[in-house]
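Colleague: Have a look at the structure that comes next, please.
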Amino acid sequence: MRKFYFSLLFISIFSGLLVAWQWRSNMATVAQAEQDPDLIDIIHALEKEDTSLENTIAGLRGQIEELQKNRARGESRLAALQQELDPLKLLAGLVPVTGPGVIVTLDDNNAGAQAAKNSSPTYNPENYIIHDKNVLYLVNELRAAGAEAIAVNDQRIVNSSDIRCVGTVILVNSTRLAPPYEIRAIGNPEVLETAVQQSLDFAYLKSRGFPVKVSRPPSLNLPAYKGGLRHDYARLPQSGGEE
């Protein structure tokens, strides 16, 4: 009899535990069912956000690739323009140059001036100094002989250069120079030297006792033009007609 009650008690306890477990399982299922819609919505939202971010990243990568391509094209174009610009800068005298050529040295006739001053009542100091026209004439002779670059006392001669006199001072590119005046020209040394020696102005100075000479060094270094390039009247035409 006691065994029967013990068995009944055991069955009752087990049944109670089974019912409790079933109830908790049902409650969990209900809770899960109530929570699933929210979780699914959150998951869907996150998936959409991930997709949007992935598309943004892909777009930014595409922009980066396009910028890199444009930069490469720009660098290539810049290199091509630089290759076109370098010869023009050379012709314009805007870069230093080196090469063979001649040096023409002109100096005042100080010895002749001193002798004339001591012996002649008609002494005129203007007759014993180098003038701007002497420098200009010889520069023009060198240009005509094919000189590719010319400098006077480190002043590079360009198309806009002026060689003029202010009192007893010679100005080149508006820079005051003092004798001796050294005209350096790059080109065929033999042709340039012949042109100088056969020029009327060089022969005149030599006949008047001026210490002038022409030499042919192995190589010359000429500086770049340092001044500005003024255009007082020239203007770029506007598209569509004249100004």
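Colleague: Expressed in nm to one decimal, what extension gain is obtained for the pair Thr122 and Thr51 from 0.36 nm per residue of sequence separation less their Cα-Cα distance?
Modeller: Full extension from Thr122 to Thr51 adds 15.3 nm.
Colleague: So which of Lys69/Lys226; Lys117/Lys206; Lys89/Lys206 end up more than 31 Å apart, counting from Cα to Cα?
Modeller: Over 31 Å apart, Cα to Cα: Lys69/Lys226; Lys89/Lys206.
Colleague: Just the projected area, averaged over all directions, of the convex hull on the alpha carbon atoms of the range 36-95: how many nm²?
Modeller: 5.1 nm²
Colleague: D for the range 66-134, whole µm²/s, Stokes-Einstein with Kirkwood Rh over alpha-carbon pairs at 25 °C and 0.890 mPa s: what number?
Modeller: The estimated diffusion coefficient comes to 139 µm²/s.
Colleague: Same structure, new question: Using a 7 Å offset from the Cα along the Cα-to-Cβ direction at both Asp41 and Ala144, what is the distance between the two label points in nm, to one decimal?
Modeller: Spacing of the two 7 Å Cα→Cβ label points: 9.9 nm.
Colleague: Taking 0.36 nm per residue of sequence separation and subtracting the Cα-Cα distance, how much length would be gained by fully extending the chain between Leu200 and Glu84, in nm to one decimal?
Modeller: 37.8 nm
Colleague: Shifting gears a bit: Once you have the Kirkwood Rh of the range 96-220 from its Cα pairs, apply Stokes-Einstein at 37 °C and 0.692 mPa s and quote D in µm²/s.
Modeller: Taking Rh from Cα pairs, D becomes 219 µm²/s.
Read-outs: derived from the displayed coordinates by stated rules, not from any lab. These numbers were taken from a predicted model, which means no experiment stands behind them. Counting neighbours? That spans all protein chains shown, and the Cβs are built from the backbone with ideal geometry, glycine included.
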